[in-house]
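Read-outs throughout are calculated quantities, based only on the coordinates presented, and are distinct from any laboratory measurement. Just so it is clear, the model here is predicted, and its values are computed rather than measured. Here the Cβ positions follow ideal geometry from the backbone for every residue, glycine too, while neighbour counts run over all protein chains shown.
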Amino acid sequence: MDRYIQTAQTDFPERIAAAQLLRRSLDQQAGLHAFSRGWLRGMNGSRIILKDAAVTARLRSARIAIAVERFRVSHEHQLPQTLAELTPFGSSGVPNDPFDGQPLRYKKLTMGYVVYSIGEKGDGTGGRQDDLAFLVER
């Protein structure tokens, strides 16, 4: 249990990798009582941490979308070319993607834009399938 707590207190993306290692080590421990093993497995710590990463990515993307909208309003409805332009408009730097530690992605579209995380299994294109995309259509 202490290792689960320590893992939950680390930063992303290290938290994800640590949770997956912890899950594998739990499966390999022969000396655990059946009740303890079942209880720890039932907590499903690695899945909880992945859900936490997804929620964190969505919240960070929403914050960036708000900053993009502030930029757009103050720049005659023009979108920023990059997220780096948002710093004077309420964003304290581009937040990192919890899944890979890189800055969140931003892409202008024909009818709006998308701010996205690669997610657990995403391909990094900003598509709705596996990436965690926050799409704003105009």
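So what are the ³J(HN,Hα) numbers for region 96-113, from phi and the Karplus equation (6.51, -1.76, 1.60; θ = phi - 60°), rounded to whole Hz, Gly and Pro as x?
Those phi angles translate into 7, 6, x, 7, 9, x, 7, x, 4, 8, 9, 9, 6, 10, 4, 10, x, 7 Hz.
Straight distance only, please: which aspartates and glutamates reach the Cα of Lys121 with their own Cα at less than 12 Å, same-chain residues fewer than 8 apart left out?
Partners found: Asp100, Asp130, Asp131.
Rank-order 56-69, 102-115, 75-88 by packing density, defined as the average count of other C-beta atoms within 10 Å over each peptide's residues, highest first.
So the peptides 56-69, 102-115, 75-88, ranked by packing, come out 56-69, 102-115, 75-88.
Long-range amide H contacts for Asp97: which residues qualify at under 5 Å (H placed 1.01 Å from N, peptide plane, sequence gap of 5 or more or a different chain)?
Under 5 Å from the amide H of Asp97 lie the amide H atoms of Gln102, Leu104, each far enough along the sequence or on another chain.
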